[in-house]
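Asks: Below is a structure I'd like to ask you about.
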Amino acid sequence: MTKTVTGLFDNYSDAASAVDQLKAAGISDSDISIVSNNSDGRYNDNDDDVAEDAGTGAGIGAAIGGVGGLLTGLGIMAIPGVGPVVAAGWLAATAAGAVAGAVVGGAAGGIVGALTDSGVDERDAHVYAEGVRRGGTLVTAKLDDARSVEAEAILQRSNWVDIPTRRTAYEGQGWTSFNDKADPYSQAEIDAERARYTRRA
């Protein structure tokens with residue numbers, strides 16, 4: 001039986017480290033996905049085809065071989081309510097949709113739909129999507145039950161966000177669920193959000 005293991009990270013460096021550790025454990029690129037907020041424009045590709053490739057899954061649906069593997073296959077796309085993200089892997093392709101030329105993931109679709117379709121609890125999926133909206137990075141792996149325990153341990157020790165605690169923090173600010181019609185967070189809002197949780201860490 002296949003299980004989806006998911007981790008939210010406040011910092012991209014923690015997420016990238018988690019991906020490296022998953023791969024070192026023998027988990028293939030095709031089973032791993034990463035979606036990271038790119039509001040600060042740290043990833044910029046001048047190739048006009050990147051957004052179109054991301055929408056069709058061409059640039060993100062399959063891993064690119066070589067030293068960096070999955071992380072060298074990052075494509076830029078936009079997700080409603082989140083804004084610009086860099087993404088690679090099966091979750092990114094599912095969130096974008098397989099419609100040729102579709103640059104934006106659809107409706108509740110997007111990340112929430114892709115996660116729930118793969119078996120993630122809907123309440124958690126909303127927190128994951130909101131976490132990316134607020135500047136975070138999502139790492140997922142689709143594995144059989146035996147490997148999922150190992151993958152979860154890897155994500156946890158890579159400084160993942162505790163989802164029940166983060167949900168409580170969001171709800172304390174009046175948040176109820178991810179809203180794909182909401183404006184994406186500005187960089188100033190994301191910086192403030194990161195500082196809030198860095199202080200708590």
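All of the numbers you see were taken from the coordinates with simple rules; none came from a lab. For clarity, every value in this text was computed on a predicted model and none was experimentally measured. Positions of Cβ are backbone-derived with ideal geometry, glycine not excepted, and every protein chain shown enters the neighbour counts.
Asks: With labels modelled as points extended 7 Å from the Cα through the Cβ direction, what inter-label distance (nm, one decimal) is found for Met1 paired with Glu122?
Replies: That separation, rounded to one decimal, is 2.1 nm.
Asks: Further, regarding this structure: Taking 0.36 nm per intervening residue step and subtracting the Cα-Cα distance, what contour gain separates Glu150 from Ala195 on full extension?
Replies: Result for the pair: 13.2 nm of gain on full extension.
Asks: From the backbone phi of the range 150-159, what are the Karplus-calculated ³J(HN,Hα) couplings (6.51 cos²θ - 1.76 cosθ + 1.60, θ = phi - 60°) in whole Hz, Gly and Pro given as x?
Replies: 5, 5, 4, 5, 4, 5, 5, 7, 8, 6
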